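Written out below as structure tokens is the structure these notes cover.
Read-outs: derived from the displayed coordinates by stated rules, not from any lab. Worth saying up front: this structure is predicted, and the values here are computed from it rather than measured. Please note: Cβ atoms are built from the backbone with ideal geometry, for glycine as well, and neighbour counts cover all protein chains shown.
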Amino acid sequence: MQFNIAVSKLRAMEISSLDMLSFLWFVLCWMGYSYFARHQAKKKNSLSSVLYRYRKEWVLKLSRSGMSEVDAELLASLERQVSFMASTSLLILASLVTVLSAASDEFMSMPTLRFVEEVTPEVVQMKLLLMIFIFVYGFFTFSWALRQYGFCFILFGSSFNTVRYYKDSAGDKYQAKAMPRDFNAMAKVLDRAAHSYNYGIRAYYFAMAALAWFINDWVFMAACAVIILVLYRREFKSSSLTAMVAARLVDNVHEEDEIRFD
């Protein structure tokens, strides 16, 4: 009985086939690009593949010389960036819930904007729910990234002594000794935290595309395509990526020798 009521309510919303098609296109773009980026990063230069090697070299340095105050501050800076984005997601969610609760015929009436498609308040509420879902997902990914950076603090703190280089009266140089650990696994934890942060940032990009759905379906689908183009250029063709690859003195980071720990 309740299922039949729910189905009748969905029918009453007057969701067009074009709305359904544009939503499926949105899901396909997001999931398809995530799959594409993950697999392409294993073959060609990308921000993920290049930064993974820099993170692994960072852990390699720590395994040999210990964790300094600079390293701790760098890790804390990464954690603050993620914390800021997680807090921003909550603020946006609060605003979206407020708009959703205030949705009405008068509130949603925009007759002066001819390029905006006229839809029922229920359909607008469904679009707002999509925005809410995106930022809920973003908050979960940012908060998980934040926790993983916290795990890195614990792993690094338990594995490396804090380093202060100095010489005694005899001129001997002292260095901290690292505890026996699987440093490959530690680098993986650090890399997974960065990936979670990247997934959250990607959600923000697609939220920008979802905003176009309030105009009309065609603009929405075009915005999804534009977002994919922007993401691809920044992850695989950006000048920053070119500079980071050039800094390693190689053409393709996948041709480098595997970074091995002592």
Rank the residues Glu255, Glu57 as a footprinting-exposure proxy: fewest other Cβ atoms within 10 Å of their Cβ go first. Glu255, Glu57
For the range 199-262, just say rounded, prolate or oblate: build the C-alpha gyration tensor, square-root its eigenvalues into a ≥ b ≥ c, call rounded for a/c under 1.5, and beyond that prolate if a/b exceeds b/c, oblate if not. prolate
Tell me which trypsin sites (Lys or Arg not before Pro) from the range 174-262 have a DSSP coil assignment and no more than 13 other beta carbons within 10 Å of their own. Lys177, Lys237, Arg260
Going down the table (Lys44/Lys237; Lys61/Lys237; Lys61/Lys188), which pairs top 18 Å between alpha carbons? Lys61/Lys237
Take the range 10-99, compute every pairwise Cα distance, and split them into 10 Å bins from 0; I just need the percent in each bin. 12, 19, 31, 21, 11, 5, 1
About the Cα centre of the range 211-262, how large is the charge dipole given +1 on each Lys and Arg Cβ and -1 on each Asp and Glu Cβ? Please answer in debye to the nearest 20. 360 debye
